[in-house]
Structures are given as structure tokens and as C-alpha cells.
1. Can you tell me the accessible area per residue over the protein assembly as shown, all protein chains present, probe 1.4 angstrom, in square angstrom?
2. Just checking the output field for B:347-359: average partner chain Cβ neighbours within 10 Å of each residue's Cβ?
3. Could you size up the charge dipole of the protein assembly as shown around its Cα centre, putting +1 on the beta carbon of Lys and Arg and -1 on that of Asp and Glu, and report it in debye to the nearest 20?
4. Rounded to the nearest 10 Å², what accessible area does A:LYS82 have for a 1.4 Å probe in the complete protein model?
5. Would you work out what percent of the accessible area of chain B, with all protein chains in place, is carbon or sulfur (probe 1.4 Å)?
6. Quick query: amide H of B:GLY444 versus all other amide H atoms, modeled in the peptide plane; which residues come in under 5 Å with a sequence gap of 5 or more or a different chain?
7. So, how do all the Cα-to-Cα distances of the range B:224-275 break down into 10 Å bins, in percent, from 0 on up?
8. State, in square angstrom and to the nearest 100, the accessible area buried between chains A and B, both chains counted, probe radius 1.4 Å.
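The values are calculated or read from the model by the stated rules, or taken from the named source; none is laboratory data. Values in this document were obtained by computation on a predicted structure and should not be read as measured data. All Cβ positions, even for glycine, are placed from backbone atoms using ideal geometry, and neighbour counts span all protein chains on display. These accessible areas exclude ligands, DNA and RNA; they are computed on the full protein's heavy atoms, side chains included. Shrake-Rupley method; radii C 1.70, N 1.55, O 1.52, S 1.80 Å.
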Amino acid sequence: MIDRDQVAHVAGLAKLQFSDSELTAFTKQMEDIMAMADQLDAVDVGETTPLYQVTDLKNVFREDKPERWQTREQLLKNVPEKEAGLIKVPSILDNGEGEA
Amino acid sequence: MSTNYFKEDISTLHDALVNKQTTAVQLTADTLAQIHAKEDKTKAFITVTDDEAKKQAAAADAAGISADQPLAGVPLALKDNIITDGVLTTAASKILTGFIPVYDATVTKRLKAAGSVLVGKTNLDEFAMGSSTENSYYGPTHNAWDLDRVPGGSSGGSAAAVAAGEVVAALGSDTGGSIRQPAAFNGIFGIKPTYGRVSRWGLIAFGSSLDQIGVLSRRVKDSALILQQIAGQDENDDTSLPDPVPDYVAAMAGGVQGMRLALPEEYLGEGVSQGVRDAIEKAVDTLKKLGATVDTVSLPHTKYAVPTYYLIASSEASSNLQRFDGIRYGYRAQDVKNLEDVYVRTRSEGFGDEVKRRIMLGTFSLSAGFYDAYFNKAAKVRHLIQDDFTKVFADHDLIIAPTTPTPAFKIGEKVDDPVTMYMNDILTIPANLAGIPAASVPAGLVDGLPVGLQLMAKPLGESTIFKAAAAFEDATKFYEQVPTAMKGEN
């Protein structure tokens, strides 16, 4: 079973934050979803290997040739904040309160 | 001439274009007029590309439309998780607000190369996560048979646009049923090809081992024509299959005489409504009369498909959606304290609840201490599900089943109950887990709402699906019906 603290921990890993009331609602829904997931406990998989992808393709290579894709202008076209041809972000540190 | 998509198909449009009874410019103007007239009812589109479409149509006319270009000058719509150079692409998410791609998806490029005209981007559940198109930042789409009902999802916009006669066909994507379920709910044809048959380059990723682009259309042949253009290996997608693309239209001929069909007992279980069962029984009779044999078979791990799928798809999604951080494109939260705050606030404000649930489920399933119990266990059960199919296909050409347990449900009916919503996908998910091609073909009405017959084939068995679907379509002619909410329109 998943509890409220675990849901809050997972939210941190996923870089999401929830208000108290959202956390309560999400915990309930996550409990229901994990109860559904726990149905797999009933399956005896024996020596079955995990199937991560269904193609029989292995190590697909292509020629390593240089190619022009987008221009700098195109690459920056959708950047929400930019300055002098660079992406602008806030400081990593929080005015002395952040951890190094 | 005013184009009536309840009567036309791509071949009749193509003939009219080649014989100069119409032009691409005229056809596009008609199509845009249809869309604008019907959008009040369906809300199938997020973006209608009027100007872009008119330019493409003029270019198609200028280039000339010859008999060997079946899609030239034909207006088509794309699901809005398929990227389009210079045209807003949102995946129905707030987090992609204002995102204008700077290149085309491979399918977009191939349709443009075939001369088709892109008239717009259709609504979907945010990032294709959902079964009703209610999880869209742009609001729900409405079912053309009953405007109070969902069109299904996640390709609900593409399905409603085709069913309502706004376009002749549209592309969708299918990770757990997102083409077939809305096709069934809207009384049209929809095909999810074999995993890897169509390049995923430029499809906004959800579950990368499951995602596949496909087609929704009123007529089977139109999907065959479009799949012909978009299928095939692509050096930008290493999972695209190198196998040559057969002639799907030619494959439609011949009928189901002697075809060995399998009907899995698990697909007619207790969750399946009586109306759907009756419709499928009738479809089975039709196929038998056409000369097919039908055996009852078992796919014993079907009941585990839903949890298996939600663990795998959500795990892959939680990884794929890490890229949405407010730095390079789309929405960025304002009044932030530091860089970490940009990530957390952008994602918390930019994603809807269903997307957050999937990211949370996926992050949890992949996290230390839970990976073996959840993600890896699901991957093993996935193997058992694939083995079930392999056994049945050893001596059958196709598996037939209902596409959905019930016809379309009401808007708002299930949106607050994720697990009930997830169970709605139980009949479509297994094909994605196994990577096999599957389609939904209309199988009549139950209480005025369409029901879909699902056809599943072994990997690269699209030709067999088209053959059976064409024979069934020819025998039942469901396409002659105009959706209830669209009566009196053309």
C-alpha cells in the first residue's frame, strides 16, 4: 500500500508539488491504482523474462555523418525567456537559502 | 460543388481532382467551411490551419494532380501530438502553450510529400493519456452520434472530425487503444499498425515501447491508402521496421473465404455489455456467412493487461515527460525563486491531473525498492500476454473481439474515477503490449450508439486486417449512416 508520505516523496522525485488537499485526493487515487497494480501478485511468472520492447531489432546503427539541422534562431524560437541568443533562467541558488 | 464527406471517400475526391471537376483549392475551401460549420457541435479541433491549408492546396493545384498521386490535394487532419513545422502543436497540454515546432514529424513530412493538405490539429486527452478526450486543456470533444457523450480517446478529436464529416480521414496515435476505441465510439474505421510500422519521429512521446501512429477514416480503403504513404522505415526512428510495405489496397481484395478467425472467450467476459455482445455475435454470423471459420480460443492473461499496461506506460511516460521543465519551450511558471522552482512550479501548473497521476505512478514503479515488484513484474507479465497471442496466431489468421466493453459513455460520467476509466481499455491494451496490428470496424448500433468489431493480426499482418475489414464493410455498409447529431448537415 502507498501512503501519504510516500506520495509526497514520489512527487518530489517527479518534480511536482501538491497542496494539502491535492495530496489527500492523490493519495486516495494512488491507493486505488496501486491496488489494481497489485493484481499482478497473483501471476506466477516462473522463469519468464521481462519484455521491454517488441521489435526483434538489435543495435540499429546509421552512418555517423554530420548534418545541418536547425539554426540557432530556430532552436531558440520556443524558449520562454532568452537574452542575447542565450536561454535565461533564474539563479540556481535561492538568495543564500539554497544548498550548494 | 459542395463536398459532402458522408458520401465521398478519398478515391472519389481523387477522381474529381484528376478529372478537374474540382480543384484542391476548392476542396480545401469546402472542407474548411464544413469544419467551421460543425465545430460548434463537435469541438474536434484545437487548431484549424486555414491559411496554411489554402497555401498547400494552391501548391498542389500548381504542381498538378496526376492519377498516381492518391492523396494529392486531399485535405486531412492530424492529432495534435504530431508535430507540424510552423503550426501550433499542444498535445492538449497547458505546458506546451504557444509551442511552434521547427520541423515536421516523419508522418507529416510524408503526407506533405504525397501532396495532401493539412487542415488542422485535432483534440486529444493531454499527452494522449485518457479514453474520453475530457483530459484536454482545451476542453472536451463531443461524440457525433450524441453530443452529450464522449468521442472516446485519446484520438477523440480525429474520430469526431471524421464521423461528423469535417474531414475524410485523420491521423491518430494509439498507445493503449487511442485509435480503436474512439473509432468504435464514433462508428468509423481506425487502425493501429504493428509497433514500428510507422515512424514515431515527431510524435510527442507517451509510452515509447507502445506508441504507434495510425489512421481513422470512414472507409477502410482510405486508411489503407494513407497507411501506404506513412508506413516504412525511417532513419530517424531506430524502432521503425525495415520490412517492405505491401500494397494495402491490393490486399483488400479476396474476402474472408477460408480465413481462420479466433474469438477469445476473455473478450466477452462479464464487463462487456449485453448490447455489445449481441452486436459481436451478429458480426461473427456475418463473417461466417462470408466464408470464414470462427473458433473460440483463450488468451488467459487478458485480465492482467490493464495493470500491466498502466505500470509500463506510466513508467515510460514518467521518463519521457521529464523534458517538460519550462526551459526550452512551452509554458514557464512566473515569479519563481530559483531554478528548481522553475521546474517544480512549471510542471505543477502546466500538467493536468491525469498526466500527474501517470507521472506519479511511473516514478513510483521505477523507484528504488519498487522496480522489481512493479515495473519489472509488469514487463514479465507483458511477455506472457505476448506468448498468449503467439500461440493463437500459430493456427489462426485473425483474432476478432469487441473493441470496447460498452458504447460511448456520457461526458463527466467516469472522469473522477481513474480505475473505472482505465478498465474501459481492457480490450484494446493487449494489442499494444504485444505490438501487434489491430483495427476497429463499425459493427452496428446499440441504442443508437456505434459498436466496434476489433480485428487483431500477427506482427505485420495489416494486409489480413484490411482484407477482412473490407469484406465486413462491404457486407454491412455501416458507412452509409449519418451520425444522429449530424443529420441535416452534409
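1. Values: 22640 Å² over 590 residues.
Solvent-accessible surface per residue comes out at 38 Å².
2. On the way: counts 4, 8, 1, 0, 2, 0, 4, 0, 1, 6, 4, 1, 6.
Mean partner shielding for this stretch: 3.
3. 1120
4. Taking all protein chains as shown, A:LYS82 has close to 100 Å².
5. Working: 7660 of 15290 Å².
Within chain B, the accessible surface is 50 percent carbon and sulfur.
6. B:VAL451
7. Result returned by the calculation: 18, 25, 27, 27, 4.
8. Numbers: alone 10250 and 17900 Å², together 22640 Å².
Separately minus together, A and B give about 5500 Å² buried.
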